[in-house]
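Each remark here refers to the structure printed beneath this line.
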Amino acid sequence: MKENDVKMNQGPERKLLERLLLSPRVEGDRLMLADAVLLAAIDASHPLNSAELAALRASPLTLRRFRQLAIGRRGAARAANDDAWNGSAGMLRAASDGADLARLLTDDGHWTLHFVAQDADWRLILSLDAAAPFAARLLREQAMLRVVDGDGAILLQGRLDGDGELECGWRFDGAPASHFQQCGARFAVEPVHA
């Protein structure tokens with residue numbers, strides 16, 4: 001562990017966590033949560049529920065794995081020249097004031113979802129920030145992408161055009177703002193692996 005990691009947050013919870021991580025191994029301990037669950041918790045696309053959190057706290061081995069995945073994810077995020085991309089998550093951040101939802105941004109700032117009212121319907125446009133480190137590669141490879149809501153429903157899927165955009169009609173009943181509020185106010189942009 002790096003010195004900076006220790007100095008980052010020395011609150012009581014951080015000290016308890018460090019103590020748990022460094023505690024001796026528990027007889028019969030095994031990984032209680034899959035890497036996919038732990039990674040989803042790290043990138044906030046799926047917060048741990050109470051049972052998963054209890055499993056994490058009860059298993060030092062699972063807690064160590066969680067820590068290792070978090071360190072790896074943080075190191076990957078720091079590689080500014082790296083054009084690898086495994087997905088981006090975002091959320092509806094403000095309470096509805098009655099106005100129509102115009103756009104949502106991913107937490108990393110690389111993707112924007114635009115909502116355009118069209119008569120009595122809506123259009124959904126996904127746009128990639130040209131300054132994203134992976135933008136050139138995604139455009140060159142014409143990678144298949146999808147946007148999912150907090151419940152996992154696909155909002156749109158396809159390949160980016162030459163301008164780094166993907167567009168489709170809104171497939172759900174009601175306005176986008178109410179839809180996102182009903183499904184946890186979260187969304188994710190993901191690569192589609194064949």
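The values are calculated or read from the model by the stated rules, or taken from the named source; none is laboratory data. What you are looking at is a predicted structure, and each value in this text was computed from that prediction instead of being measured. A quick note on method: Cβ atoms are made from the backbone with ideal geometry, for glycine too, and the neighbour counts reach across all protein chains shown. We work out accessible area using only protein heavy atoms, side chains counted, and drop any ligands, DNA or RNA first. Shrake-Rupley method; radii C 1.70, N 1.55, O 1.52, S 1.80 Å.
Here are the numbers for this structure:
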quantity: Test for ALA135: is it farther than 15 Å from LEU113 by Cα and open to solvent by less than 30 Å² (accessible area, probe 1.4 Å); calculated: yes
quantity: Every pair of residues 6+ apart whose Cβ atoms lie under 6 Å, when the first sits in the stretch 29-58 and is part of a helix (DSSP H, G or I) while the second is open to solvent by 70 Å² or more (accessible area, probe 1.4 Å); calculated: ALA40/HIS46; ILE42/ARG73; ALA55/MET32
quantity: Residues that are more than 18 Å from HIS114 (Cβ to Cβ) and crowded, with 19+ Cβ neighbours inside 10 Å, drawn from the stretch 145-155; calculated: GLY150
quantity: Count of the stretch 131-145 residues which are at pLDDT 85 or above and either more than 18 Å from ALA89 (Cα to Cα) or in contact with a Pro (Cβ under 8 Å, 6 or more places away or on another chain) (or both); calculated: 8
quantity: Filter result (free of Cβ contacts under 8 Å to residues at least 40 places away in the same chain, within 16 Å of GLY87 (Cα to Cα) and open to solvent by less than 30 Å² (accessible area, probe 1.4 Å)) within the stretch 156-194; calculated: LEU156, GLY158, LEU160, GLY164
quantity: Residues located in the stretch 112-132, provided they are open to solvent by 40 Å² or more (accessible area, probe 1.4 Å) and not in a strand (DSSP E or B); calculated: ASP119, ALA120, ASP129, ALA130, ALA131
